[in-house]
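A short worksheet on the structure shown next.
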Amino acid sequence: MSKLKRLCDYIIKIHFYDDTEDISFIDQLFATRILLSLFSLILIIIILFTTFTLQTHSVTIKSSSEYLFKQLSFRYSSTLSCSSSQTSIRHSQFVNQSFISSLSDVNKNKYHWKDYRIIIASHFQILALLCQIIQRIITDSLNEFYSEEILTTQVLTQDIFDAQVEQLVERLKARNTADMKYKSDTLWLNILQNGIYTGFRTNYAIFQPLETTNLYSSSIIYINSNSTFTCQKSIGCTQQAAFYDSPHFVLINSSLIISVLVSEPRANLLFRIPNMMIGYLPYTSLLQSTLGCFYN
């Protein structure tokens, strides 16, 4: 008891002042208690703040997947950081022959008639061809531009010279654009007027009922933005590309009929491909695609 009493007396009489201070002993005790009280209050505030404040811990995942990335993005959208080992994608890899060959599938009848896997190889073949045509047009145009000369009998200021060169460049760009549009319009006109049937059955379906030897055709119907388009009236009939798991043909009432006519609900959608379209012909649907899925 004596030790406890001495400890209590020591705590009561504790102060931070020297005996030589001019301040009274009572004031020394009072000032010391105020200082200790403030120190204790600040310490309690710091403890409570660190206890109830959310703390961020950095966790590094060496091997991730697209599914895991989506989950983490949903839960930690503000703190998630994912560095990519490949900062750029070379567009040329989408138009080389090895990539296009990897997309080809000889047995296309196993897919639903609207399945994108039927025409995906054709899309990239056309894309590769368009790249070659555009490169040739640009090369020819630049060679023609480099061969042009500016003839003048007066000395030109820098501003006038720059204006004339800019006018030549704009005229070159407008001519190339007009040439491409003319070729595209000519091709579209031939397709529309000749009523070309594609082997992919993306504009017209040809079928033969089992009871007869006659062949029949029916235009394909596409749904885009809640609107229905028939390929009989427009070569711009398209809809968003997707993968399906239903077969191409079905047997109904002893007749083999294209699924677009009678069995659209049987097509089970696997997933849609954003910014890619299917439609009348691979060429027309490619022109209405933005290829945005390859930049996502």
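The values are calculated or read from the model by the stated rules, or taken from the named source; none is laboratory data. Since the structure is predicted, the reported quantities are computational estimates derived from the model, not experimental observations. Because the Cβ atoms are built from the backbone with ideal geometry, glycine has one as well, and the counts that use them run over all protein chains shown. These area figures cover heavy atoms from the full protein model, side chains too; ligands, DNA and RNA do not enter into them. Shrake-Rupley method; radii C 1.70, N 1.55, O 1.52, S 1.80 Å.
Here's the yes/no breakdown for (1) in contact (Cβ under 8 Å) with a residue 12 or more places away in the chain; (2) more than 30 Å from MET276 (Cα to Cα); (3) in contact with a Phe, Trp or Tyr (Cβ under 9 Å, 6 or more places away or on another chain):
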{"site": "LEU129", "(1), (2), (3)": "no, no, no"}
{"site": "ILE134", "(1), (2), (3)": "yes, no, no"}
{"site": "ILE137", "(1), (2), (3)": "yes, no, no"}
{"site": "ASN143", "(1), (2), (3)": "no, yes, no"}
{"site": "GLN154", "(1), (2), (3)": "no, yes, no"}
{"site": "ILE160", "(1), (2), (3)": "no, yes, no"}
{"site": "GLN164", "(1), (2), (3)": "yes, yes, no"}
Top-ranked residue in the stretch 201-216 [being touching a residue at least 12 places away in the same chain (Cβ under 8 Å) and assigned to a loop (DSSP other than H, G, I, E, B); ranked as nearest to LYS108 (Cα to Cα)]: ARG201
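Give the residues of the stretch 67-78 that are open to solvent by 60 Å² or more (accessible area, probe 1.4 Å) and either modelled with pLDDT under 75 or among the hydroxyl-bearing types (Ser, Thr, Tyr) (or both), sorted by residue number. Step through it out loud before you land on a result.
Initial filter on the stretch 67-78 (open to solvent by 60 Å² or more (accessible area, probe 1.4 Å)): 67, 69-71, 74-78.
The answer is TYR67, TYR76, SER77, SER78.
Take the conditions at pLDDT below 70 and not basic (Lys, Arg) and apply them to ILE42. Does it pass? Steps first, please.
Values: at pLDDT below 70: no; not basic (Lys, Arg): yes.
Spelling it out, it is not the case that ILE42 is at pLDDT below 70 and not basic (Lys, Arg).
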If we scan the stretch 210-227, do we find a residue that is modelled with pLDDT of 75 or more, of a type in the set (Phe, Trp, Tyr) and open to solvent by less than 80 Å² (accessible area, probe 1.4 Å)? yes
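Limited to the stretch 79-107, what total is found for residues that are in a helix (DSSP H, G or I) and at pLDDT 70 or above?
Our first condition is that a residue be in a helix (DSSP H, G or I); within the stretch 79-107, this holds for 91-94, 97-103.
The next check asks that each one be at pLDDT 70 or above; those that pass are 93-94, 97-103.
So the count comes out to 9.
One line per residue, one yes/no per condition, for (1) in a helix (DSSP H, G or I); (2) under 24 Å from LYS108 (Cα atoms):
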{"residue": "SER184", "(1), (2)": "yes, no"}
{"residue": "ASN190", "(1), (2)": "yes, no"}
{"residue": "ILE196", "(1), (2)": "no, yes"}
{"residue": "GLY199", "(1), (2)": "no, yes"}
{"residue": "SER218", "(1), (2)": "no, yes"}
{"residue": "TYR222", "(1), (2)": "no, yes"}
{"residue": "SER234", "(1), (2)": "no, no"}
{"residue": "GLN240", "(1), (2)": "no, yes"}
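Please tell me if PHE52 is loosely packed, with under 10 Cβ neighbours inside 10 Å, at pLDDT below 80, farther than 30 Å from ILE220 by Cα and among the aromatic types (Phe, Trp, Tyr).
Values: loosely packed, with under 10 Cβ neighbours inside 10 Å: yes; at pLDDT below 80: yes; farther than 30 Å from ILE220 by Cα: yes; among the aromatic types (Phe, Trp, Tyr): yes.
So PHE52 fits the description; yes.
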